[in-house]
Structure formats: C-alpha cells, structure tokens
Amino acid sequence: MSRTVLALLFLSFLLFNGAIEARLLHLTTSDSKYLTKNELWFDQTLDHFSPYDHRRFNQRYYEFVDHFRVPDGPIFLKICGESSCDGISNDYTSILAKKFGAAVVSLEHRYYGKSSPFKSLTTKNLQYLSSKQALFDLAVFRQYYQQSLNEKLNRSNVENPWFVFGVSYSGALSAWFRLKFPHLTCGSLASSAVVLAVYNFTDFDKQIGESAGPECKTALQEITKLVEEKLATDRAAVKALFGAAELQNDGDFLYFVADAAVTAFQYGNPDILCSPIVKAKKTGKDLVNAYASFVKDYYLGSFGANVRTYDRKQLKKIAVSEDSSDRLWWFQVCTEVAYFQVAPSNDSIRSSRVDARYHLDLCKNLFGEGIYPDVDATNIYYGGTRIAGSRIVFTNGSQDPWRHASKQTSSPEMPSYIISCHNCGHGTDLRGCPQSPLSLEGDAQNCSSPDAVQKVRQQVTQQIDLWLSECRNTAA
C-alpha cells in the first residue's frame, strides 16, 4: 500500500475521532499550556491480577497527532501521574515529538481525575490503586491504541516504535514500564523518577538545606523554631497568620509550613523564598511574618497550593471530588512507597515533630488499622536504585530533593544525568525553568545555566534516536 493511500486513510482516522477539531483549536491557541484537552475514553480492566473479576471502568486518555509521520512514526506514551490529567501538557515533549515525527498519547492514572472506578473512595475500594495495576493499565492501553491505529490504517500485525515518558512518580512508572514490559517500548525517559521507596526520607530535608545555602538555611531553621514556640503559646493566631486556621492538628500545620519551603527549591523558584527571608533576618524584621507572606503570596497564591491538601478532615472524605487526588496519593504513600519526609536527627529545617510516627498515625487515621507502606516489598519488586532494566535514561535536577530517591549512577544501558544549576529542580529536562508554573515547550532560557539543560537534552535526544533506530532494525 502506498504512502499516499496510507496518509488518506489516516486523514479519515483524524476526521473520525475529532483530532482535526483539536488541531484547529491548537492553532488558535498556540500559547496554550496543553497540546490538546480533547478527552477520549478507553474501557479498562479493574483488576489485572484476578482470573475471575472481570469488572471494567472508563479511563480517560488524550492523543496529539499533529507531528505524526504516517504510517511508521513513533508513538510517545506520556504517563500521567498522581493528579487529574486534564490534557497533554505543552512541555519539551512537544519539541521531541516534532523532531521524531511522533504521535503523543497520554493515559490518566486510574482513580485520579475522571478515571475513578468507584464513586466512593473507601479503603476497601482503594485496593485496586497501586503502581502494579497502573503499569498493566498502560500495557493494555498501549496494545489497544496500536491495534486501533492499525485498523484505521487498514493494516494488521504492524508495530510502531513506542517510547515512554514520565516525571516524578510517573517517571518511576516510565522506568518500571520498561523494566516489566520491555517488549512494549523501545525505551523510557525517567525524569526525576522516584524509583526508590524510602521509609525515613531524611535526605529530602538535607537537600533542601544544601539547595538553600547557609544564609537561607539558617533563616528557615530559625523560622521553624519560632513557629513551634508560637504554637505553644497561641496556636490559633500563628495558624491564622499563615492562612491555615482550618488545620486543627499541629502536625498537619507543621508539615504544611515545611512543604511550602520545599516547593521553592523543587520547582525552580529559590529566590522567591530566600531573598525576602534573608533580607528580613539581616534587617531585624519579623522572620515569621516574612515567611508567612511568602506562604500566602506565593505558595497559596501564584503557585496554587491549597491548605485542604494538609487537612486530615478533608483527606478522610471518601466522596469523589476535585480534591480527591490528595487522598489517593496518600493511599499510595501509605501502602507502597512511603517517601516519609521526616526531620533528620541533626541540623534539620523542618520540625522534629514531622517524624515517622506522624506519618504512620496519619495513614492509620485516614485508612484504618493495618495500613502501612511495605517499602521492602516495593523495592524487591522493582529493584529500587538497583533496577535491572535497559534503555532507560534517568535525569535529575541538582536542586531537587527528590533526586535522592532516583537513580543517579550511570551505566551504558541506563545512563543517568544530573542537570546542575541554581534553579534546576523537578523535571527540568522536560519542564525548563521554573518547573512550575509551566514554561511552554520546556523553555530553558530562565534556567541559571541554560547550556547545562541543553547539554542533557542533547544527550537524551541521542539516546532516544539510538534506541528507536535499534528498535526499528530489530523489527525489520
């Protein structure tokens, strides 16, 4: 069959599924943070591990085919993680798709967003929420999409080369997908991939101290001490000062106070935090007031965080809502991966009251007795940082505290790159700087060292090119 005929068939496919309409929308909103928001649906198996439970649920997905080279272009599977997946974000993946002539598809993670199998998120109903089930979702969807593409192009038993992408938890899923289903993808990009389940994640807080630098770190430590003192004398007043009066549990409030600082370093905005509090310390101004202003103006303001994320009363609610992602992710934390961001025994920034006991009590409070993260089982299953995979490229930002749960040592089959710069954080290779809010097409010009980002991107691109070529040669 000629390329012309195949192209005409694929054009019919686009008209059939509404992608032309999405394309026109994209052209009229070229500055959109999404490549597409056109929802598509897939009938997914609820329990991939049961021989007798055949229940199914609707799972949302997206496709972007503007750059797809008909008929043999690659397909990029961009994994959505622990939040509502409202479209395919316009990050550096779009640049890669254009370069390689790839279609981009993205599957929403089970339970999140509009892909909930149940109307009630009780602990019993959450039993099918796990990374293992999510990986099978991706595998089954991958087969479905390939078959659908073949049918639209009037062909059979043809495999396009696939490549998988993910950031953070979805970065771990990307690595684990290649590990568990190597026959279904030519390779994976695991950006800031948290492949190591960690019980007491003290390195997280230590990295915040290193990323902050001596002056900012000292100021943050003093703020923590002062907040603890104010909690002891007038807890209502200090919580109100931070816009967090609803957090009745002091541990939840202290976790919120610590997490607000984390985001500045994790997402490439360190100066927004450090400049005002270091200045306040030097000029003798009230440090707690200065930090509270940062929390309200940036963290709860422009960054878009919500105090409800930390409120265990909200986290206990089982009705599906726009806030459900927080409960869902805590369930995964409390059953599989932990990542308990506890205070180190010495020189910590966060309060020592944010310890393992705090996390375990929260897990019990939200989900009942007997719920705790079996990190040993998770690391045995996937390998942790000793993951025995191939054709996986790992990337991490130098300032990102999560890199200590990622694979940072390189090998020929699994190269690992650290992007070093003042504001290189979580997913810098795909998101640019800052990492939040979104820099369109992963623009790296606002990174303190754009050349460092571009160098790693070139290395990643070379790996993708090599592995796609090897994949095609093997198929031939």
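The values are calculated or read from the model by the stated rules, or taken from the named source; none is laboratory data. Computed from a predicted structure; not experimentally measured. Cβ: placed from backbone, ideal geometry, glycine included. Neighbour counts: every protein chain shown. When the accessible area is computed, the model is the full protein with side chains, heavy atoms only, and any ligands, DNA or RNA have been set aside. Shrake-Rupley method; radii C 1.70, N 1.55, O 1.52, S 1.80 Å.
Here are the numbers for the structure shown:
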quantity: Residues of the stretch 400-417 satisfying the condition of being under 19 Å from the mean Cα position of the chain (by Cα) and farther than 20 Å from A197 by Cα; calculated: Y417
quantity: Candidate set from the stretch 373-414 (those that are in contact with a Lys or Arg (Cβ under 8 Å, 6 or more places away or on another chain) and part of a loop (DSSP other than H, G, I, E, B)); member that is farthest from Q127 (Cα to Cα); calculated: E413
quantity: From the options I20, I95, residue that is of a type in the set (V, I, T) and modelled with pLDDT of 95 or more; calculated: I95
quantity: Residue within the stretch 105-128 that is open to solvent by 40 Å² or more (accessible area, probe 1.4 Å), assigned to a loop (DSSP other than H, G, I, E, B) and under 27 Å from P401 (Cβ atoms) present; calculated: no
quantity: Of all residues in the stretch 314-344 being within 30 Å of Y381 (Cα to Cα) and of a type in the set (S, T, Y), the one that is farthest from the chain's Cα centre (by Cα); calculated: T335
quantity: Search result, residues across the stretch 306-363 that are of a type in the set (D, E, K, R), within 19 Å of Y169 (Cβ to Cβ) and assigned to a helix (DSSP H, G or I); calculated: D326, R327, E336
quantity: The one condition in (1) in contact with a helix residue (DSSP H, G or I) (Cβ under 6 Å, 6 or more places away or on another chain); (2) open to solvent by 10 Å² or more (accessible area, probe 1.4 Å); (3) closer than 30 Å to I223 by Cα; (4) not hydrophobic (A, V, I, L, M, F, W, C) that G389 fails to fulfil; calculated: (3)
quantity: Test result for E151, touching a residue at least 60 places away in the same chain (Cβ under 8 Å) and over 19 Å from the mean Cα position of the chain (by Cα); calculated: no
quantity: Residue count for the stretch 240-263, restricted to those that are in contact (Cβ under 8 Å) with a residue 40 or more places away in the chain and over 16 Å from L315 (Cα atoms); calculated: 11
quantity: Residue that is surrounded by 16 or more Cβ atoms within 10 Å (Cβ to Cβ), among the β-branched types (V, I, T) and under 24 Å from K364 (Cβ atoms), where the choices are V288, V278, V295, V320; calculated: V320
quantity: Subset of the stretch 69-87 [among the hydrophobic types (A, V, I, L, M, F, W, C), part of a loop (DSSP other than H, G, I, E, B) and within 17 Å of the chain's Cα centre (by Cα)]; calculated: I79, C80, C85
quantity: Count of the stretch 216-255 residues which are farther than 15 Å from R350 by Cβ, under 30 Å from the mean Cα position of the chain (by Cα) and open to solvent by 50 Å² or more (accessible area, probe 1.4 Å); calculated: 4
quantity: Residue that is assigned to a loop (DSSP other than H, G, I, E, B) and among the hydrophobic types (A, V, I, L, M, F, W, C), where the choices are V278, V195, V238; calculated: V195
quantity: Test: G87 is on the phi > 0 side of the Ramachandran plot and in contact with a strand residue (DSSP E or B) (Cβ under 6 Å, 6 or more places away or on another chain); calculated: yes
quantity: Flag if T395 is open to solvent by less than 10 Å² (accessible area, probe 1.4 Å), under 18 Å from Y199 (Cα atoms), among the hydroxyl-bearing types (S, T, Y) and within 21 Å of the chain's Cα centre (by Cα); calculated: no
quantity: Residue pairs meeting the criteria (Cβ under 6 Å; at least 6 apart or on separate chains; first modelled with pLDDT under 95, in the stretch 33-61; second open to solvent by less than 20 Å² (accessible area, probe 1.4 Å) and part of a loop (DSSP other than H, G, I, E, B)); calculated: K33/N90
quantity: Subset of the stretch 419-435 that is in contact with a strand residue (DSSP E or B) (Cβ under 9 Å, 6 or more places away or on another chain) and under 17 Å from T461 (Cβ atoms) - its residue that is most open to solvent (accessible area, probe 1.4 Å); calculated: R431
quantity: The stretch 302-316 - residue that is of a type in the set (A, V, I, L, M) and more than 10 Å from L247 (Cβ to Cβ) and, of those, least open to solvent (accessible area, probe 1.4 Å); calculated: L315
quantity: Counted residues, the stretch 241-274 - those being outside any loop (DSSP other than H, G, I, E, B) and either of a type in the set (D, E) or closer than 27 Å to L430 by Cβ (or both); calculated: 16
quantity: Count - residues of the stretch 33-68 that are in a loop (DSSP other than H, G, I, E, B) and open to solvent by less than 30 Å² (accessible area, probe 1.4 Å); calculated: 6
quantity: Hits in the stretch 442-460 - residues which are crowded, with 16+ Cβ neighbours inside 10 Å and part of a helix (DSSP H, G or I); calculated: G442, A452, V453, V456, R457, V460
quantity: Which listed residue, of S416, S406, is touching a strand residue (DSSP E or B) at 6+ places or on another chain (Cβ under 6 Å), within 22 Å of L77 (Cα to Cα) and in contact (Cβ under 8 Å) with a residue 60 or more places away in the chain; calculated: S406
quantity: E159 being under 29 Å from A388 (Cβ atoms), open to solvent by 20 Å² or more (accessible area, probe 1.4 Å) and either among the acidic types (D, E) or in a strand (DSSP E or B) (or both); calculated: yes
quantity: Single unsatisfied condition, L27 versus (1) among the aliphatic types (A, V, I, L, M); (2) modelled with pLDDT of 50 or more; (3) more than 27 Å from the chain's Cα centre (by Cα); calculated: (2)
